[in-house]
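Working notes for the structure below.
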């Protein structure tokens, strides 16, 4: 099925649309519920105010993203790696991450300034 240069609302239920491609599409105010989005790739997208609830995101990759003023709550972050990021204003359990990193480096932790 092809939809081009149109404004339609779709109601898709119990369907397999794997392999579909969406380009230059406005999906604002949409709801995706009980969906398999494994191996999906989102590029050049505005996901502001995006909400994820009760989801598995294991082995996911976030690159060149702006998560400022976002909140991660009740999440399993075991084995998560955060590298080459801006930490200003970021907190973990209310403690500024920059303070945690400074204390770690001052105690001679890995990557401490010599």
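The values are calculated or read from the model by the stated rules, or taken from the named source; none is laboratory data. Just so we're clear, the structure is a prediction, and the values are computed from it rather than from any experiment. No Cβ is skipped: glycine too gets one built from the backbone with ideal geometry, and neighbour counts run over all protein chains shown.
Below are the figures for this structure:
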| read-out | value |
| --- | --- |
| Qualifying residue in the stretch 56-72 (condition: on the phi > 0 side of the Ramachandran plot and surrounded by 10 or more Cβ atoms within 10 Å (Cβ to Cβ)) | no |
| One residue from 93, 114, 110 being out of contact with any strand residue (DSSP E or B) (no Cβ under 8 Å at 6 or more places or on another chain) and modelled with pLDDT of 95 or more | 93 |
| Filtered residues of the stretch 90-114 (kept if under 19 Å from the mean Cα position of the chain (by Cα) and over 21 Å from residue 47 (Cα atoms)) | 91, 92 |
| Filtered residues of the stretch 87-97 (kept if surrounded by fewer than 10 Cβ atoms within 10 Å (Cβ to Cβ) and at negative phi) | 88 |
